[in-house]
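Before any comments, here is the structure.
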Amino acid sequence: MIAKPTFPDLLHAPGAQIGKPVSRVDGRLKVTGAAKYAGEFNVPGLLHGYIVSSTIAKGRITRIDTSAALKVPGVVQVFTHENRPSLAWFDRKWKDQDAPKGSPFRPLHDDRIVHSLQPVALVIAESLELARYGARLVEVEYEAEPHQTDLHANRENTFTPGKDKGGFEPPPPPRGDADKALADADVTVDLEFTQAAEYHNPMEMHASTVLYGEDGTLTVHDKTQGALNSQTYICNVFNLSKSQVRVVSPFVGGAFGSGLRPQHQLFMAVLAATELKRSVRVELSRPQMFSFGHRPETIQRVALGASKDGTLQAIIHEAVQESSQFENYVEIVVNWSGQQYRCDNVRLDYKLSRLDLHTPLDQRAPGAATGVPALEIAMDELAYKLGMDPVELRLKNYTDIDPNSGNPFSSKELRACFRQGAERFGWSGRKLEPRSMREGRELIGWGMAAGVWDAMQGQANARAVLGLDGKLTVASATADIGTGTYTVMTQIAAEVLGLPIEDVTFNLGDSSLPMAPIEGGSWTVSSVGSAVKAVCDMVRGRLVKLAGKMEGSPLGDAAEEDVVFADGHMSLRGDPSKRVAIVEVMRASGTQSIEEEARSIPYYLKRSKHAFGTHSAIFAEVRVDEDLGTVRVTRVVSAIAAGRIINPKTARSQILGAVVWGMGMGLEEEAMLDHRLGRVMNHDLAEYHVPVNADVHDIDVIFVEEHDDVVNPLGAKGVGEIGIVGVPAALSNAIFHATGVRVRDLPITVDKIRKGMR
Amino acid sequence: MPDTITDRVPHAPDTLAITLTVNGVERTLNLAPWTTLLDTLRLHLDLTGTKKGCDHGQCGACTVLVDGKRINSCLSLAVMQEGKEITTVEGLARGEQLHPMQEAFIEHDAFQCGYCTPGQICSAVGLLSEGKAKSADDVRELMSGNICRCGAYPNIVAAIEQVLGGDRR
Ligand code: FES
Ligand code: FES
């Protein structure tokens, strides 16, 4: 049944569970090593697969010789394009929930090579070691063709994509005349920004274990952000029915977007299992984690014009991003610049250039993480030209209405973020001039930036079962990739039914559970949380009815809104002495269990009249070694407006982690391509730098109060993405303040700072 | 025709019996000598608490304690560990009673996805016995061999500091 939108007042006065810093309900399993991830389900006779990767970026396979590998005792089979079974023909069968327009990549499809590290063979053996050894013995000869992997060389070779992916909005049409307004403006900046491609690199490498049942059914342990997404993909590609395939992923060792599309290890494991009729695991190596989607390399131009008092007169934001030869990956990069500030003359432009690389893929705050820093560095540069405090400049151009749509924000407490963040950081003492603070050899700089992300919601279902023992089980096929889904859903359910946390279990990561969308874009609390609330509301309703029918009912014929649920009891709002245990009510009516299933759908009508977003203000302190140009990020304050925070403990962790991601993006992470080979050269964790413990110092997170009764029945917006957006800009701005050197090319590595300091 | 790898006869090494003591239990296994300690734990002993994040000594996810010292188990072969006391994350708790480091990690939310966590915890326990960490900066430096892609570092430091005793933050 579709739940009707309700706003029970319990959520206006959240108390028992919502808003409490509950420790993760899955914490014990994780600290004891009992939590099992996709590559950790061992069964007797399990086969292991190892993938052979292409050494060229473009061309075709002229010869593939598997005979040596097959001679090794224990190597069972080698799959290549030459011996794979025939599979789904139409592109649509290969599409998943996150697929952009185009023809999805098909592993082992034919002799064509379309990107370096493309999987070309799968060696299956009785042990991992033998499979890896066999993979080394597979001989592949190629006929290479000239490839293009250099975005800068292809920046003019572009096209304008359409609405080529779910969730993507092309830039709105121009407002006013931005080019003329820029030419006429008192003060202007016109800047180019570049940013390297980044790879997700969750700590757990992508793995799939396919358990082959005696009846031919498959139980697939997959690293995914959507068990149903993987299930549909497998069924479509291998022409299996849903009853034959169950995908399970109770624990996911990080993903950050890498699990939004089924990756090729899933295909490989299912291929081998169905062909050999045995259980198979295929796990990627760390270098192979650089063989699929990534945050695309981007070139941007931001031009701003303002009058002397700082009022924005013109905003121009143009971006060119890479996509592959076979799909149009798109993300929202420039639209934010038409939304963040009030301005009458705005022109936004977004283009793609096709390269011989794998299709990019959503990565934490896709698009915003890329586009907003360019805008926010430009705003800082404009502030310097105006001689104005950067916070002042942003407040001067503040808007409560989304200028792109003309709709008011359902809530936007960004002002409070600026105020509380600045206060916590001690911003007011800041001198505008660069190089105005130092301690010994270290130049100290303070920078700030604003951030923005969407507040989306999708349809989701949830099921609840309340037993006579007073225990509640709620389930939905969503995922917990470290985001805290288990915990916050447990809290929402416990809150609605007034149960102790220990009496509530939430199940997820299983394609046999009620439908949930892929977990990403910070929409899980909004989508699945609303479904959990809806289904628990239905259980409440049933209990109130049963209580009314109870002989000598202590609640009389009280209406639902007059009944309070707390501590496993129901009581009368006006008279707490009139109370009855939930299990008593069930027992009295002879009810063994109450079972409900609900679907929650967004308030389309209300939503169509509003704009939505989470917002942030980031303040950062850096210390730059005057001689070496090395940067330490010694303090970050991140003030977040994201509606109601269900769990301040796990939400804070989301922001902490995202700030660390912003530090990686700002200072460290960079896929280094050798364009002669068309390949990422630093494809491991020693050479592809991500922040380590010593890189991270004080990070202070503030959640400002934000009330929102439009966004969804919970008033909670989700916090997975917002924390990263803007962080690289705050760091770049702080580095300028410290050194007087502007770096508009991410990551800001030592060489770039040194170059400016000379 | 150049000498290619196929001209040679491929063969896999023979297995041999190896006895390991893991979490106080002695186990004899028939393993090929090229089997790493990490794969031995995960695949042959089904102790999947120890994680593989790179297989190349670059991430610390595979950290275990050998005679109390923290090592990257992906960089060690099982045959090299005979006669030593190996402790994995599964061996830290005493029955239902978690190790104080495990308790502290839960309390401080020192993880998100949990995949680096067993390595972080084993590494932190090893750090304690090294006795070198005197300040939060020491902890950060000496824990930098354990990557956490979720970025739980501030909470990891807080958890370790709590166990170290002097909550200096
Ligand atoms: S798996 Fe051993 S250090 Fe990464
Ligand atoms: S908790 Fe996910 S990598 Fe550390």
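What to note about this one:
- Filtered by the rule that a residue be assigned to a loop (DSSP other than H, G, I, E, B) and within 14 Å of chain B (Cβ to nearest Cβ), region A:170-203 gives A:Tyr199, A:His200, A:Asn201, A:Pro202, A:Met203.
- Subset tally (residues that are part of a loop (DSSP other than H, G, I, E, B) and in contact (Cβ under 8 Å) with a residue 40 or more places away in the chain) for region A:217-237: 4
- Of the residues A:Arg623, A:Arg632, the single one that is part of a strand (DSSP E or B), in the same structural domain as A:Arg415 (by TED's automatic domain parsing) and open to solvent by 60 Å² or more (accessible area, probe 1.4 Å) is A:Arg632.
Residue by residue, here is whether (1) more than 23 Å from the chain's Cα centre (by Cα); (2) not assigned by TED's automatic domain parsing to the domain that holds A:Ser527 holds:
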position: A:Trp427; (1), (2): yes, yes
position: A:Ala450; (1), (2): no, yes
position: A:Asn507; (1), (2): no, no
position: A:Leu513; (1), (2): no, no
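- Selection within region B:31-41: residues that are within 11 Å of ligand 1 (Cβ to nearest atom) and open to solvent by less than 10 Å² (accessible area, probe 1.4 Å). The member of this set that is nearest to the other protein chains (Cβ to nearest Cβ) is B:Asp39.
- Enumeration of residues in region A:50-69 that are within 13 Å of chain B (Cβ to nearest Cβ) and closer than 26 Å to A:Arg246 by Cα: A:Tyr50
- Residues satisfying the stated conditions in region A:23-49, i.e. touching a helix residue (DSSP H, G or I) at 6+ places or on another chain (Cβ under 6 Å) and either within 11 Å of chain B (Cβ to nearest Cβ) or under 19 Å from B:Ile121 (Cα atoms) (or both): A:Ser23, A:Arg24, A:Val25, A:Asp26, A:Gly27, A:Lys30, A:Val31, A:Gly33, A:Ala35, A:His48
- Of residues in region B:64-86 being open to solvent by less than 40 Å² (accessible area, probe 1.4 Å) and within 12 Å of another protein chain (Cβ to nearest Cβ), the one nearest to ligand 1 (Cβ to nearest atom): B:Cys74
- Taking the criterion of being open to solvent by 30 Å² or more (accessible area, probe 1.4 Å) and part of a helix (DSSP H, G or I), the only residue of region A:53-69 that qualifies is A:Ser67.
- Top-ranked residue in region B:138-168 [being in contact with a Leu (Cβ under 8 Å, 6 or more places away or on another chain) and more than 7 Å from chain A (Cβ to nearest Cβ); ranked as farthest from ligand 2 (Cβ to nearest atom)]: B:Leu164
- Options A:Val72, A:Val76: the member that is more than 25 Å from A:Ser258 (Cα to Cα), within 14 Å of chain B (Cβ to nearest Cβ) and open to solvent by 20 Å² or more (accessible area, probe 1.4 Å): A:Val76
Quick grid of which residues meet (1) closer than 30 Å to A:Ala35 by Cα; (2) crowded, with 24+ Cβ neighbours inside 10 Å:
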{"position": "A:Arg424", "(1), (2)": "no, no"}
{"position": "A:Arg438", "(1), (2)": "no, no"}
{"position": "A:Ala455", "(1), (2)": "no, yes"}
{"position": "A:Gly470", "(1), (2)": "yes, no"}
{"position": "A:Val474", "(1), (2)": "yes, yes"}
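- Output for region A:269-324, where each listed residue is within 30 Å of A:Leu46 (Cβ to Cβ), away from ligand 2 (no atom under 16 Å from the Cβ), under 25 Å from the mean Cα position of the chain (by Cα) and not in a helix (DSSP H, G or I): A:Val282, A:Glu283, A:Leu284, A:Ser285, A:Ser291, A:Phe292, A:Gly293
- Flag for B:Lys51 being at the interface with another protein chain (Cβ under 10 Å from one of its Cβ atoms) and of a type in the set (Lys, Arg): yes
- All positions within region B:110-129 that are away from ligand 1 (no atom under 16 Å from the Cβ) and free of Cβ contacts under 8 Å to residues at least 40 places away in the same chain: B:Leu128
- Sole residue being of a type in the set (A, V, I, L, M), within 26 Å of A:Met489 (Cβ to Cβ) and buried (at least 23 other Cβ atoms within 10 Å of the Cβ), chosen from A:Val583, A:Val544, A:Val525: A:Val525
- Some residue of region B:90-109 being facing another protein chain (nearest Cβ under 7 Å), at pLDDT 95 or above and within 16 Å of ligand 1 (Cβ to nearest atom): no
- The requirement of being among the polar types (S, T, N, Q) and closer than 27 Å to A:Glu439 by Cα is fulfilled somewhere in region A:634-656, by at least one residue.
One line per residue, one yes/no per condition, for (1) surrounded by 24 or more Cβ atoms within 10 Å (Cβ to Cβ); (2) within 33 Å of the chain's Cα centre (by Cα):
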residue: A:Asp186; (1), (2): no, no
residue: A:His200; (1), (2): no, yes
residue: A:Val210; (1), (2): yes, yes
residue: A:Tyr233; (1), (2): yes, yes
residue: A:Asn239; (1), (2): no, yes
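- Only residues that are within 10 Å of ligand 2 (Cβ to nearest atom) and more than 25 Å from A:Pro202 (Cα to Cα) were counted in region B:95-137, giving 0.
- Contact map, region A:680-693: first residue farther than 15 Å from B:Gly151 by Cβ and more than 7 Å from chain B (Cβ to nearest Cβ), second residue hydroxyl-bearing (Ser, Thr, Tyr) and surrounded by fewer than 16 Cβ atoms within 10 Å (Cβ to Cβ), Cβ cut-off under 9 Å, separation 6 or more or different chains; the map is empty.
- Meets criteria (over 15 Å from A:Glu297 (Cα atoms) and open to solvent by less than 20 Å² (accessible area, probe 1.4 Å)) for A:Ala383: yes
- Per-region count, region A:121-167, residues open to solvent by less than 50 Å² (accessible area, probe 1.4 Å) and within 29 Å of the chain's Cα centre (by Cα): 9
- Only residues that are on the phi < 0 side of the Ramachandran plot and either more than 11 Å from chain A (Cβ to nearest Cβ) or surrounded by 21 or more Cβ atoms within 10 Å (Cβ to Cβ) (or both) were counted in region B:11-30, giving 13.
- The set of residues from region A:325-356 being out of contact with any helix residue (DSSP H, G or I) (no Cβ under 7 Å at 6 or more places or on another chain), closer than 21 Å to A:Glu192 by Cα and part of a strand (DSSP E or B) comprises A:Asp349, A:Tyr350, A:Lys351, A:Leu352, A:Ser353, A:Arg354.
- Looking across region A:85-113, the residues that are within 23 Å of the chain's Cα centre (by Cα) and of a type in the set (Lys, Arg) come down to A:Lys95, A:Lys101.
The values are calculated or read from the model by the stated rules, or taken from the named source; none is laboratory data. The structure displayed is predicted, hence computed values, not measured ones. Cβ atoms come from the backbone with ideal geometry, glycine included; neighbour counts cover every protein chain shown. Heavy atoms of the whole protein, side chains included, go into the accessibility calculation; ligands, DNA and RNA do not. Shrake-Rupley method; radii C 1.70, N 1.55, O 1.52, S 1.80 Å.
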